[in-house]
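The values are calculated or read from the model by the stated rules, or taken from the named source; none is laboratory data. The structure displayed is predicted, hence computed values, not measured ones. For neighbour counting, all protein chains shown are included, and Cβ atoms are generated from backbone atoms with ideal geometry for every residue, glycine included.
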Amino acid sequence: MAIEIKEVQTRKDLKTFIYLPEIIHANHAHWVHPIYMDDWKYFDRTKNKAFAYCDAIFLLAFRGDEAVGRVMGIINNRFNSYRKENIARFGYLETFEDPEAVHALLRRVEEWARAKGMTRIIGPYGFSDQDPEGYIIQGFENRATIATYYNFEWLPRLVEQEGYTKDMDYFVYKLLVPKEIPEFYKKIYERIQRRGNFTLLEFKKKKELKPWIRPVLSLMNETYTNSNIYGFAPLDEKEQDDLAKRYLPVIDPRFVKVVTKEGEVVSFIIAMPDMTAGIQKARGRLLPLGFIHVLRAAKKTKQLDLLLGAIKEKYRGLGLDVMMGVKMLESARQAGHEILDTHHEMESNVKVRAEMERMGGVLYKKFRVYQKKL
C-alpha cells in the first residue's frame, strides 16, 4: 500500500503520535521511553509556551490503517528573528525501516516549511537546544540518556538519502570518576580558593536550591546567547520557570554546583544520576507506581550525566570550571558513581573537547544534526 500522510488534528491522533515510538522500538534494548506525562505537556499547544512563538505541524504516516511513522515540523520565529535566518526544523522523526515513509514525511515537512518562506531545514531538533538534538551515529551499544535521541543505525542513512548533509556534530565523552582528584586540578582549585573572590555553593535539599534556579537560568540565557550556541534562542521568564518545573522534580541537589561573586551567580553546573533503567522498567509511565522504579534506578546507578553548565564570559579562563568540576567529582565519588557522561559537546568547541581528553575522557557517542536547502 502507498504511504498516506495525515496531519494530527484530534486527541486520538496525538495519542498515536506520542506512543508510536514504543511500538517501533519494541525490544530495542538501548532505547528509552520518554516520560509520557512530560510528552503530553510538551506536544500540547495550550501548555507548551514555545507554541506562542513557534509554528509547528505534527504528521503521521499510514499504510492503510496502520501508523508507520511520524515527524514534527517546527519554525522557531523568535530564533529566526534573532539570528536573521529562515530556518525550519524537523524533529521526532520515527519510522520502521521504511524509506518510503521517511521520504513522504520529510517531503511533507519541507513543503510546509517552503510555503512559509523558509530556505533551509535542520534536524533532528526541537524548539530549543534543551530538547533532544541530533541522531546518534556512533556508540549504538550504549543506552540513551534522558536528554538524547536514540535511533536505529539505519535512520541517519535514510535521512541522507533524502538529500540531507551534516550541519553539526556533537561529541559525548565518558569519564571515569577518579578515586583521587589529579594533582594538577587540586593546584588550580587551591589557587582559586586562596584568591577568595569566588564562593562555591553546594546543596543538600531542594528547598536550598530553589532560590538559585532563576539566577542560574538567567545566566544560561545570557551566556548561551552571547556565545552564539547552536540553535539557541533566549527564553523568557515563563519558559525559564517551565524548564525549572520540568527538571526540578528529578534533580538531585548534591549534583548542582553554583559559583557566586559578591552574591551574583557567575557560573554553574548541573548533573543528574542516570535513571534510564528505571524509566525503561516503568515504560515511561510514572503513575501509579512507575516513579518507584525511576527513584530506585537513580539510587543504584553508577553513572552521573552532565546536563547544563555555563560561566559568565568575563570570568572564563580563571579556573571556575575546575572549581566546580572538582566538587562535582567529589560528590559523584561519595554517591558511588563510577562514570561521568559529559552530554553534548559541539565539534567546534575544541577547547572543551581537549580538556575532556586531558582528563582521560573517552569519546563514546557521536550525534549529528543534518541540514538541507529548500
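List of remarks:
- Filtered residues of segment 1-39 (kept if in contact with a helix residue (DSSP H, G or I) (Cβ under 7 Å, 6 or more places away or on another chain) and part of a helix (DSSP H, G or I)): Ile18, Tyr36, Asp38, Asp39
- One residue from Lys300, Lys366, Lys373 being under 21 Å from Leu175 (Cβ atoms) and more than 22 Å from the chain's Cα centre (by Cα): Lys300
- Within this structure, Val250 passes the test of being of a type in the set (A, V, I, L, M), under 29 Å from Ile339 (Cα atoms) and surrounded by fewer than 21 Cβ atoms within 10 Å (Cβ to Cβ).
- Scoring Glu66 on the criteria (1) over 26 Å from Glu153 (Cβ atoms); (2) of a type in the set (Asp, Glu); (3) at pLDDT 95 or above leaves a single failure, condition (1).
- Leu219 vs. criteria closer than 17 Å to Arg316 by Cβ and in a helix (DSSP H, G or I): yes
- Each residue in segment 275-304 was checked for being surrounded by fewer than 18 Cβ atoms within 10 Å (Cβ to Cβ) and of a type in the set (Val, Ile, Thr), and 1 of them qualify.
- Against the test of being closer than 20 Å to Ala115 by Cα and touching a residue at least 12 places away in the same chain (Cβ under 8 Å), the options Gly64, Gly91 yield a single qualifying residue, Gly91.
- Test: residue in segment 320-329 that is in contact with a Ser or Thr (Cβ under 6 Å, 6 or more places away or on another chain), among the acidic types (Asp, Glu) and surrounded by 17 or more Cβ atoms within 10 Å (Cβ to Cβ): no
- Residues of segment 188-212 that turn out to be at pLDDT below 85, part of a loop (DSSP other than H, G, I, E, B) and surrounded by 12 or more Cβ atoms within 10 Å (Cβ to Cβ), as a count: 0
- Test result for Glu208, without any contact (Cβ under 8 Å) to a residue 24 or more places away in the chain and more than 16 Å from the chain's Cα centre (by Cα): no
- The single condition from (1) surrounded by fewer than 20 Cβ atoms within 10 Å (Cβ to Cβ); (2) at positive phi; (3) among the aromatic types (Phe, Trp, Tyr) that Tyr92 fails is (1).
- Residue within segment 342-355 that is within 22 Å of the chain's Cα centre (by Cα), crowded, with 20+ Cβ neighbours inside 10 Å, in the same structural domain as Val250 (by TED's automatic domain parsing) and at negative phi present: no
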